[in-house]
Amino acid sequence: MRTKQQLTEDIRTGRRAALVVNAHSRRGGRLHDDARARLLAAGFTLLGDYPAARPGELEESLEAAIGLGPDLLVAGGGDGTISTAARMLAHRDIALGLLPLGTTNNFARTVGVPLSLDAAVATLTEGAVVDVDLGLAGDLAFTNHVGVGLSADVMTNAPRRLKRLAGRYAYPVTALALLARHRPLRARVRAAGREHEFLTHQLYVANGGFHAGRPITADADADDRLLVAYPVGDGTRRGLLRETARNTATGHRRTLRDEPFLAVGELWLETDRPARVEVDGEPCGRTPVRIAVDPNALRIMAPPGTVDR
């Protein structure tokens, strides 16, 4: 396993990369050719180029790209694509390069990768390799969050066409449609020898610093060995809407010391009835579930000056 400094130097001098773009993501199909052209213009040698356009093709493409032995695997797509790539690259001697082409791009925002294609490619040429934490929901690695409650229903029911047309606003629109018949959960979180109980329609456990394209708090990130558990509102529908609006408007001013945030390294989550779990927007079974941090599990190409702890 090379040091991060060695891997950075190898990427800068050898420019050996593989490209995987999710053509089903919001902009992936349209921007794949542009991404490929920009990487080649930046001097990268593409050992493989995989526009994953069919269902089930993404993981096969990522596996094929990894098998080529690149120094840098460039993944283009939304948070689900990036999370899948991160899961497959965990603890490998390959850096993940991000092309944020999705709806909310939470992980890219967390690690400071610019959202424009040109600036993201510049990060791949001018940045440095750092390592960041991944979360673990059971044995499943993730970059951003675990959601229990309404969000799991939203991810299952949000129409693909609406996501393409409305972007990240597709999720609150779908949530409002489902909320009228949603029942609150009584969730119990056990961590650090203590038990915390919440009555809520929605509970998140985040590894990164952004949710729905907005900051969770001013001091949450993906390189602090911490998970952030928090309910969104109480057991009323009005409380959920009020707290959602508050989080959107004031997340950048709040800290992990504020209520209702619980910052821990590991937790056990159970609910009064089995509840759907979504991990980075993908269904992942039901509660109960153990959620933990996998420290420094992933190497990424980050912008120059990124703090690496």
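Per residue of region 72-84, what does 6.51 cos²θ - 1.76 cosθ + 1.60 with θ = phi - 60° give for ³J(HN,Hα)? Whole Hz please, x for Gly and Pro, Karplus curve as stated.
Taking θ as phi minus 60°, the curve returns 9, 9, 9, 10, x, x, x, 5, x, 5, 5, 5, 5 Hz for region 72-84.
Can you check what the Kirkwood hydrodynamic radius comes to for the chain, Cα pairs only, in Å to one decimal? Walk me through the numbers on the way to the answer.
Values: mean 1/r = 0.0510 Å⁻¹.
Averaging 1/r across every pair of different Cα atoms and inverting gives 19.6 Å.
Once R0 is set to 25 Å, what does the formula 1/(1 + (r/R0)^6) return for the Cβ-Cβ distance between E259 and R225, expressed as a FRET efficiency to the nearest 0.05? Don't jump to the answer; show the numbers that get you there.
Numbers: r = 22 Å, r/R0 = 0.87.
The pair E259/R225 has a calculated efficiency of 0.70.
First measure r as the distance between the Cβ atoms of T125 and R309, then evaluate 1/(1 + (r/R0)^6) with R0 = 22 Å and state the FRET efficiency to the nearest 0.05.
On the way: r = 24 Å, r/R0 = 1.10.
The formula returns an efficiency of 0.35 here.
Ratio of region 179-291's C-alpha Rg to 2.2 N^0.38 Å, to two decimals?
Numbers: Rg = 13.5 Å, N = 113, 2.2 N^0.38 = 13.3 Å.
The value comes to 1.02.
Find out how many positive minus negative residues lie around A141, taking Lys and Arg as positive, Asp and Glu as negative, among other residues whose Cβ is under 11 Å from that of A141. Could you put the intermediate results ahead of the total?
Details: positive: R87; negative: D133, D139, D280, D294.
So the surrounding residues net to -3.
Using only C-alpha positions, report the orientation-averaged shadow area of the convex hull of region 255-309, nm², one decimal.
Values: hull surface 24.3 nm².
That works out to 6.1 nm².
Per-residue accessible area for E59 at 1.4 Å probe radius, Å² rounded to 10?
110 Å²
Tell me, how many Å apart are the Cα centres for region 85-114 and for region 264-309?
When both Cα centres are located, 14 Å separates them.
Apply 1/(1 + (r/R0)^6) to the Cβ-Cβ distance of A90 and A249, taking R0 = 51 Å, and write down the FRET efficiency to the nearest 0.05. List each step's numbers first, then the result.
Values: r = 35 Å, r/R0 = 0.68.
FRET efficiency, A90 to A249: 0.90.
Ignoring everything but the protein chains, give the 1.4 Å probe accessible area of M88 in square angstrom, nearest 10.
50 Å²
For a bin width of 5 Å, list the pair-distance distribution of region 33-136 built from all Cα-Cα distances, rounded to whole %.
With 5 Å bins starting at 0, P(r) equals 2, 12, 25, 27, 23, 9, 1, 0.
With a 1.4 Å probe and all protein chains in place, put L46, L179 in order of accessible area, largest first.
Working: L46 40, L179 10 Å².
Correct descending sequence by accessible area is L46, L179.
If ligands, DNA and RNA are left out, what is the accessible area of H196 with a 1.4 Å probe, given in Å² to the nearest 10?
Per-residue accessible area (H196): approximately 40 Å².
Which three extents, in angstrom, do the Cα atoms of region 183-225 have along their principal axes, listed largest first?
So the three principal-axis extents are 28, 28, 12 Å.
Taking amide H positions as placed 1.01 Å from N in the peptide plane, with prolines and chain starts having none, which residues 5 or more places from N296, or on another chain, fall under 5 Å of its amide H?
D133, L134
Over all directions, how big on average is the projection of the convex hull of the alpha-carbon atoms in region 203-254, in square nanometres?
Values: hull surface 13.4 nm².
Value for region 203-254: 3.4 nm².
If you consider only alpha-carbon coordinates, what radius of gyration and Dmax does region 6-45 have, in Å?
Gyration radius and largest Cα-Cα distance of region 6-45: 12.0, 35 Å.
Mind checking Rg over Rh on region 1-70, alpha carbons, Kirkwood formula for Rh?
Working: Rg = 13.2 Å, Rh = 13.0 Å.
Result for region 1-70 is an Rg/Rh of 1.02.
Can you divide the C-alpha Rg of region 78-125 by 2.2 N^0.38 Å and report the result to two decimal places? Each step should come with its number before you reach the end.
On the way: Rg = 10.5 Å, N = 48, 2.2 N^0.38 = 9.6 Å.
Scaled against compact globular proteins, the figure is 1.10.
Please give the length that would be gained between R186 and R242 if that part of the chain were fully extended, namely 0.36 nm times their separation in residues minus their C-alpha to C-alpha distance (nm, one decimal). Mind dumping the intermediate values first?
On the way: separation 56, 0.36 × 56 = 20.16 nm, distance 1.89 nm.
Here the answer is 18.3 nm.
The values are calculated or read from the model by the stated rules, or taken from the named source; none is laboratory data. The structure displayed is predicted, hence computed values, not measured ones. Using ideal geometry, Cβ is built from the backbone for each residue, glycine included, and neighbour counts are taken over all protein chains shown. For the accessible areas, the whole protein counts, side chains as well, though only heavy atoms, and no ligand, DNA or RNA atoms are used. Shrake-Rupley method; radii C 1.70, N 1.55, O 1.52, S 1.80 Å.
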